[in-house]
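Shown next, in C-alpha cells, is the structure this report addresses.
The values are calculated or read from the model by the stated rules, or taken from the named source; none is laboratory data. Computed from a predicted model, the values in this text were never measured in an experiment. Here the Cβ positions follow ideal geometry from the backbone for every residue, glycine too, while neighbour counts run over all protein chains shown.
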Amino acid sequence: MMLRVLRWLGIAALVIGYPVLAHYTNESASNSNLGALVAIAPLVLIALVLAWRSARRIVMLGMLVLACAALWFGWSTLEHHFGLVYWLQYMAMQLILFMTFARTLVAGRQPLCTRFAEAVHAPLTARHENYARQVTVAWTLFFAAMALISTLLFFLAPLAVWSVFSNFLTFPLVALMFIAEYWVRRWLLPDTQNMRILDAVRAFRNHSARPR
C-alpha cells in the first residue's frame, strides 16, 4: 500500500514539477543551461527505457552513449535553441494524438470514439454510432488546433507566452473538452446519462495500454 502511495506521489510530482520547471527555464535566457538539460531529459529517459527493453540491448545502449556524446559536443548550440526542443516534443505529442483519432476516420475503419463507446455502452444504436463518429472528428480537430496554436505562439510570441500555453493550459483544455463532450452527450443522447466522464477516460486509457 505504501509503495502504491509513493508511486502515485512520484507521478503527481513529475506531472506538476516538470511543467513548472520547464516554464521556469523558458522565462529567462539566463536559464539556458538548465533549459537544455530539462528539454532533453525526457528524450534521453525514453531512449534509455527503449534501449534497455530492446532485444539488442548492448547495441542500443551503445548508440545511446554515442548520441549523448554528440549532445555533449553540441551543448552550446542546444543551449541557444532548447526552446525548439520543447516545441518539437509538444508537437510530436499533439500530432500523435491527432493521427490516433484521424486515421480511424478513414473509410472502412471504426472511429476511435465508437470503440470507446462500445467498451462502456454496447450495443450501440445507429444514432449513438453517428454521434461517436462526430466526437472522433471533434477530437481530431481539437488536437490539430492545439498543434496549430502551439506553432503560432512559438514563432510569433515570446517563448514565455508559448510556455504558459503548453505547460499550464494543455491539460485544462483537454479536461474542458471531456466535460463539454459529456454535457453534449447528455443532451443529445439522454439514454446514456448513466455514463460518466471517467468512463470515457478509462476507455481511452485501456485502448492506449492495449498491445498493438
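Check whether at least one residue in the range 62-82 is among the hydrophobic types (A, V, I, L, M, F, W, C), under 21 Å from PHE168 (Cβ atoms) and in contact with a helix residue (DSSP H, G or I) (Cβ under 7 Å, 6 or more places away or on another chain), and report yes or no.
Filtering the range 62-82 down to residues among the hydrophobic types (A, V, I, L, M, F, W, C) leaves 63-73, 75, 78, 82.
In the following step, the residues that additionally are under 21 Å from PHE168 (Cβ atoms) were identified as 82.
Right, trim to in contact with a helix residue (DSSP H, G or I) (Cβ under 7 Å, 6 or more places away or on another chain) and you get 82.
Yes, the range 62-82 contains a residue that is among the hydrophobic types (A, V, I, L, M, F, W, C), under 21 Å from PHE168 (Cβ atoms) and in contact with a helix residue (DSSP H, G or I) (Cβ under 7 Å, 6 or more places away or on another chain).
Residue by residue, here is whether (1) buried (at least 17 other Cβ atoms within 10 Å of the Cβ); (2) more than 15 Å from the chain's Cα centre (by Cα); (3) under 19 Å from MET91 (Cβ atoms); (4) modelled with pLDDT under 90 holds:
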| position | (1), (2), (3), (4) |
| --- | --- |
| PHE154 | yes, yes, yes, no |
| ALA157 | no, yes, yes, no |
| PHE165 | yes, no, yes, no |
| PHE168 | no, no, yes, no |
| ALA175 | no, no, no, no |
| ASP191 | no, yes, no, yes |
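Going by the structure shown, is GLU79 charged (D, E, K, R), in a helix (DSSP H, G or I) and farther than 30 Å from ARG186 by Cβ? Quick ask: steps written out before the conclusion?
On the way: charged (D, E, K, R): yes; in a helix (DSSP H, G or I): yes; farther than 30 Å from ARG186 by Cβ: yes.
The answer is yes for GLU79.
Which of the following residues is under 30 Å from PHE142 (Cβ atoms), part of a helix (DSSP H, G or I) and either in contact with a Phe, Trp or Tyr (Cβ under 7 Å, 6 or more places away or on another chain) or not assigned by TED's automatic domain parsing to the domain that holds ALA147 (or both): VAL85, VAL59, VAL65, VAL20? I'd like the intermediate steps shown before the answer.
On the way: VAL85 fails: either in contact with a Phe, Trp or Tyr (Cβ under 7 Å, 6 or more places away or on another chain) or not assigned by TED's automatic domain parsing to the domain that holds ALA147 (or both); VAL59 fails: under 30 Å from PHE142 (Cβ atoms); VAL65 fails: under 30 Å from PHE142 (Cβ atoms).
Answer to the check: VAL20.
Need pairs with beta-carbon distance below 9 Å; first residue outside the structural domain of LEU43 (by TED's automatic domain parsing) and assigned to a helix (DSSP H, G or I) and within the range 93-106, second among the hydroxyl-bearing types (Ser, Thr, Tyr) and at pLDDT below 95; sequence gap 6+ or separate chains.
THR100/SER208; THR104/THR114
For the range 117-166, which positions are within 22 Å of LEU105 (Cβ to Cβ) and either touching a His at 6+ places or on another chain (Cβ under 6 Å) or of a type in the set (Val, Ile, Thr) (or both)?
At the first step, the residues of the range 117-166 found to be within 22 Å of LEU105 (Cβ to Cβ) are 117-149.
Within the range 117-166, VAL120, THR125, VAL135, THR136, VAL137, THR140, ILE149 qualify.
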